[in-house]
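Novice: Let me begin by handing over the structure; questions about it come next.
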Amino acid sequence: MRFSFLTLFPGLVEGYFSDSILGRAKEEGKIAVDFLNPRDFSLSRHKKVDDYQAGGGAGLLMGPQPLDDALAYFLKKTPHAHVVFPVPAGKPFTQKDAKRLAKKSHVVFVCGRYEGIDERIVEEYADELFSIGDYVLTGGELASMVMCDAISRNVEAVLGNDASLDEESFEAGLLEAPSFTKPNEFKNKCVPSEFLKGNHAKIAGLKKVMACAKTQFYRPDLFVNQKLTCQEKDHR
Ligand code: SAM
């Protein structure tokens, strides 16, 4: 799967793909990452990409010309690319979106800076608008990296063990059950004894109950649509 970042600051993003899981996925050709800098398309003498806001207002906006030329150039070569704009006004990005977008062959993130992007560019090119939360970042790079990371781990074979995706948080509307590793006892706190007995059906049942309880406690909003409640389960 290919990810492209339209950004004034490719260096901010590049390093993220040099290490760890995504670094390895890139090296092994499971994902590809490239960059396009709208500044390179600016027709102004000083490669200007921003301007004052029409009608006034604090701060500058990314102007339409460099972005329009960059996107037109890019999409001419890759017409099937799915164009995502990270913006505070977008719909909240969720795990469902990460899984859905992992099936695309090419996602392009258009990273805003300053006070954002001239709205006409968004209207012209956006396939989807996403927000990563109700707060304002200085630029779209971080938001795009968050989405790219979440999408990438759902691309086949990017994680060492694809099965680890199945029990993760937000699958089936639940948070993942609490997890433990060795030692079995740490600072007088024990791993649930059922986890140590090797009965996988029972462990799965217990994990489901714990996932329900954890979700009810931390994210009751997610739990609203769950048919199962902790009381309905026999592992208590
Ligand atoms: N003036 C804009 C507003 O109030 O909606 C905020 C612009 S912000 C300083 C600059 C860029 O950061 C945006 O164009 C967008 O690309 C990105 N950004 C900021 N907050 C974001 C969020 N919560 N989710 C996704 N992208 C965000």
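Novice: Give the residue from GLY23, VAL83, MET210 lying farthest towards the positive end of the charge dipole for the chain; charges sit on Cβ (+1 for Lys and Arg, -1 for Asp and Glu) and the dipole is referred to the Cα centre.
Specialist: The Cα lying farthest towards the positive end belongs to MET210.
Novice: Taking amide hydrogens as modeled 1.01 Å from N in the peptide plane, which residues meet the under 5 Å criterion relative to VAL33, leaving out close sequence neighbours?
Specialist: Long-range HN contacts for VAL33: PHE3.
Novice: To continue, here is another question. Across bins of 10 angstrom width beginning at 0, how are the C-alpha pair distances of region 167-232 distributed, in whole percent?
Specialist: 20, 47, 28, 5
Novice: Sort PHE85, PHE74 so the one with the fewest other Cβ atoms within 10 Å of its own Cβ comes first.
Specialist: Neighbour counts put them in this order, fewest first: PHE74, PHE85.
Novice: Let's see if you can work this out: charge +1 on each Lys and Arg Cβ, -1 on each Asp and Glu Cβ, no other charges. What is the dipole magnitude of the chain about its Cα centre, in debye to the nearest 20?
Specialist: 840
Novice: What percent does the relative contact order of the chain come to when contacts are Cα pairs within less than 8 Å and at least six residues apart?
Specialist: So the answer I get is 18 percent.
Novice: Also: Which percent of Cα-Cα pairs in the chain sits in each 10 Å bin, short to long?
Specialist: Here the calculated profile for the chain is 7, 25, 27, 20, 13, 6, 2, 0.
Novice: Ranked by Cβ crowding within 10 angstrom, fewest neighbours first, how are TYR218, TYR135 ordered?
Specialist: TYR135, TYR218
Novice: Still on this structure, please answer the following. Projected onto the charge dipole of the chain (+1 at Lys/Arg Cβ, -1 at Asp/Glu Cβ, origin at the Cα centre), which of LEU222, CYS148, ILE117 gives the Cα projection farthest towards the positive end?
Specialist: In the chain, that residue is LEU222.
Novice: So what is the relative contact order of region 86-165, in percent, for Cα pairs below 8 Å that sit 6 or more residues apart?
Specialist: Relative CO of region 86-165 lands at 46 percent.
Novice: Can you give the angle from 0 to 90° between the axis of helix 200-218 and the longest principal axis of the chain, with both taken from C-alpha atoms, to the nearest 10?
Specialist: For helix 200-218, the angle is close to 60 degrees.
Novice: Please report ILE21, ILE121, ILE203 as a ranked list, fewest other C-beta atoms within 10 angstrom at the top and most at the bottom.
Specialist: The order, fewest Cβ neighbours first, is ILE21, ILE203, ILE121.
Novice: Run the reach check for LYS47 against lysines, Cα to Cα strictly under 25 Å, same-chain hits fewer than 8 apart removed. What comes back?
Specialist: List returned: LYS76, LYS77.
Novice: A further question follows. May I have the count of lysine pairs in region 167-232 with C-alpha atoms under 27 Å apart, counting pairs 8 or more residues apart or located on different chains?
Specialist: Pairs that pass both the separation and distance tests number 23.
Novice: Quick check: the distance between the Cα centres of region 1-32 and region 152-174, to the nearest angstrom?
Specialist: So the separation of the two Cα centres works out to 19 Å.
Each reported figure results from applying straightforward, stated rules to the coordinates on display, with no laboratory input. What you see is a predicted model; the values in this text were computed from it and never measured. Here Cβ is always computed from backbone atoms with ideal geometry, including for glycine, and neighbour counts include all displayed protein chains.
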